[in-house]
Amino acid sequence: MPNGPGSTANVAAAICSFLLPGLGQLVQGRFLAAVFFALLAATVWVCTLGLLGWVVNVLACLSAALYRPRC
């Protein structure tokens with residue numbers, strides 16, 4: 001399971017996604033997920049003045065960390 005949950009690549013992607021939501025998904029080659037998380041994070045940060053933006057950051061991190069590619 002070299003590319004499954006907890007792998008070094010997924011941990012690095014989760015860290016990237018924590019810094020900028022969607023970046024971790026982009027590192028993993030998941031373009032649509034990257035765009036989704038980036039737009040969702042931007043929208044939530046702006047609309048709630050940052051109060052709920054951290055929730056999207058955590059969801060983006062979990063999505064990157066737990067990603068398991070289809071074989």
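The values are calculated or read from the model by the stated rules, or taken from the named source; none is laboratory data. Keep in mind it's a predicted model, so treat the numbers as computed, not measured. Neighbour counts run over all protein chains shown; Cβ positions are idealised from the backbone, glycine included.
Among the residues making up the stretch 43-71, a single one is polar (S, T, N, Q) and in a loop (DSSP other than H, G, I, E, B): Thr48. Restricting the stretch 1-34 to residues that are modelled with pLDDT under 90 and of a type in the set (Ser, Thr, Tyr), the residue that is surrounded by the most Cβ atoms within 10 Å (Cβ to Cβ) is Ser7. Restricting the stretch 39-71 to residues that are among the small types (Gly, Ala, Ser) and over 20 Å from Ala9 (Cα atoms) leaves a set whose member that is modelled with the lowest pLDDT is Gly50. For the stretch 49-64: of the residues being in contact (Cβ under 8 Å) with a residue 40 or more places away in the chain and not hydrophobic (A, V, I, L, M, F, W, C), which is surrounded by the fewest Cβ atoms within 10 Å (Cβ to Cβ)? Once the filter is applied, the top-ranked residue is Asn57. Scanning the stretch 46-71 for residues that are of a type in the set (A, V, I, L, M, F, W, C) and over 18 Å from Cys16 (Cα atoms) gives Val46, Cys47, Leu49, Leu51, Leu52, Cys71. For the stretch 15-66, the set of residues classified as on the phi > 0 side of the Ramachandran plot and aliphatic (A, V, I, L, M) consists of Leu49 only. Ala38 meets all of the listed conditions (1) surrounded by 15 or more Cβ atoms within 10 Å (Cβ to Cβ); (2) outside any helix (DSSP H, G or I); (3) in contact with a Gly (Cβ under 6 Å, 6 or more places away or on another chain) but one, namely (2).
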